[in-house]
Amino acid sequence: MNDLTAIARQAMLEHDLLPDFSPAAQRQAQATSPATATKGPAIRDLRALLWSSIDNDDTRDLDQLVVAEPLPGGVVKILVAIADVDALVTRGSAIDDHARSNTTSVYTAAKIFPMLPEELSTDLTSLHEGQERLAVVIEMSIDSAGQISSAVYRALVLNRAKLTYDGIAAWLDGNAPPPARVAAVSGLDLQLRQQDQVAQVLRRVRHEHGALDFETVQARPIFNEGVLTDLRAEERNRAKELIEDFMIAANGVVARYLQSQRRSLLRRVLRSPERWPRIVALAAAAGGRLPAQPDAAALSAFLAARRAADPATFPELSLSVLKLLGSSEYAVELPNQPAEGHFGLAVNEYTHSTAPNRRFPDLVTQRLLKAALDGQRAAYTDDELRELAAHCTVQEKNASKVERQVRKAATALLLIDRVGQQFNAVVTGASEKGTWARISEPVAEGKVVKGQAGLDVGDRLRVRLVHVDPHRGFIDFARAHE
């Protein structure tokens, strides 16, 4: 564990990320007091609603709460409360400077490097159960066709139940009784089922417009008394999809609100994939057919068909297509400027606003939003937003590299005694820089250093593990027939 932590810290430094807070930021965090609600009509009192959070079992930096209210005519009002981090993190402060530098929390297999000091992110700005908190609320009235009318405002909220993805998913699927907190809070069970129904409507409408539905296996480190013992596969479930659907919708509302106020904003975009011909070839190899030009709706229909036809191999196909789609990035949208869309989500208006404890772009958007709500001058100039968009894109990629490197280091530690063994694999990357393949037991990605000629993303092969280097995060494979 200590070696892995040292590897993680070194990886942070090598990728221009700060592993530690400055003394000034630490002093500021220790001196911070809870935010109090400002009196007046600008902040509504919504503490009486049945707010709840759904997140991972061990999550302490809670950014969002959700509540549902039925309205006449089959309409349901969904309220999403986002932690008002800006209320305690002043722009230009030592804490803000650290957050602006890293731009994101970095989640490694060794430890978490939070964007904000834990005194804030896991306490004072976290929407903890039983704690009154200031929030920015995105209100969405959603009809049976998935049409949304919306409003945005500030409020005081109170989390009634901290729930977990696995517990809620098992219950919603009928495989387990209601979690203890659901059973303890009167009316919460009915309202969670209503949330689930509305989320499915939103998901159906997005898929009709071409939203892509992937299923990839993520590896989560398992420790026993501080010793890494396994990398356990972590999959999507119904509760994760519920929250994802509401966050996508809420982010769209925020983007449209800022547009309506003629405000500049940070956009989250995924441009049309350059490697579409390879996606077409993968589809043909699987018995499908895609048009010659990028088409999100056609790709969505193909993925849905493959999930139904061959669920066992669908995660591998999902991973290959995801790699070929490329990375999302941040861009600036100016008033009256045509909006770039997000190919994977099939939405034209999309920003990041729902995780201000963990991502700096969300905190920037929160400041832009609050300035618009108050009729104040924009919190950032257009030039500042352009610089931030570029910087946040770079740092997000750096954070991903650190997470991947430490994950490889952790995997290498587990694979040291398995050098020489063979595994089934799928190619996940192929470029001038090299060819990479992923095995599933344990979940691990490494470089194909021998026999890689002619391989491309999505190809399946048999590989032999030939070398591991935990400190450098290296895992090397050779094609088994070589």
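Of note:
- Net charge contributed by nearby residues that have their C-beta within less than 9 Å of Asn357 (K/R +1, D/E -1): -1
- The order of the peptides 246-259, 353-366 by mean Cβ neighbours within 10 Å, most packed first, is 353-366, 246-259.
- Label-point separation, Asn56 to Arg193 (7 Å along Cα→Cβ), nm: 3.1
- Calculated FRET efficiency, Ile416 to Arg262, Cβ-Cβ distance, R0 = 56 Å: about 0.45 to the nearest 0.05.
- Going by neighbour counts of Cβ atoms within 10 Å, the residues Glu387, Glu403 line up, fewest first, as Glu387, Glu403.
- Residue-count net charge about Leu266 - beta-carbon cut-off 10 Å; Lys, Arg +1, Asp, Glu -1: +1
- Packing, taken as the mean count of other beta carbons within 10 Å per residue, orders the peptides 185-192, 200-207, 376-383, 42-49 from highest to lowest as 200-207, 185-192, 42-49, 376-383.
- Under 12 Å, Cβ to Cβ, from Leu4 - net charge with Lys/Arg +1 and Asp/Glu -1: +3
- Of the DSSP H helices in the chain, those whose Cα atoms cover at least 24 Å axially and whose Kyte score averages -1.0 or more: 188-208, 238-260, 382-415
- Computed over the chain: relative contact order in percent, which uses C-alpha pairs under 8 Å that are six or more apart: 17
- Straight-distance crosslink candidates among lysines, where the alpha carbon sits under 30 Å from Lys323 and sequence neighbours closer than 8 are dropped: Lys111, Lys240, Lys397, Lys401, Lys408, Lys433, Lys447, Lys450
- Relative contact order %, the range 419-479, counting alpha carbon pairs below 8 Å whose residues are six or more apart: 38
- Added length on full extension, which subtracts the Cα-Cα distance from 0.36 nm per residue, Arg404 to Arg204: 68.8 nm
- Dividing the mean sequence gap of close Cα pairs (under 8 Å, 6+ apart) by how many residues the range 24-139 holds gives a relative contact order of 34 percent.
All of the numbers you see were taken from the coordinates with simple rules; none came from a lab. In this text the structure is predicted, and so the values were computed from the model without any measurement. Quick reminder, even Gly has a Cβ in these numbers, built from the backbone with ideal geometry, and neighbours come from all protein chains shown.
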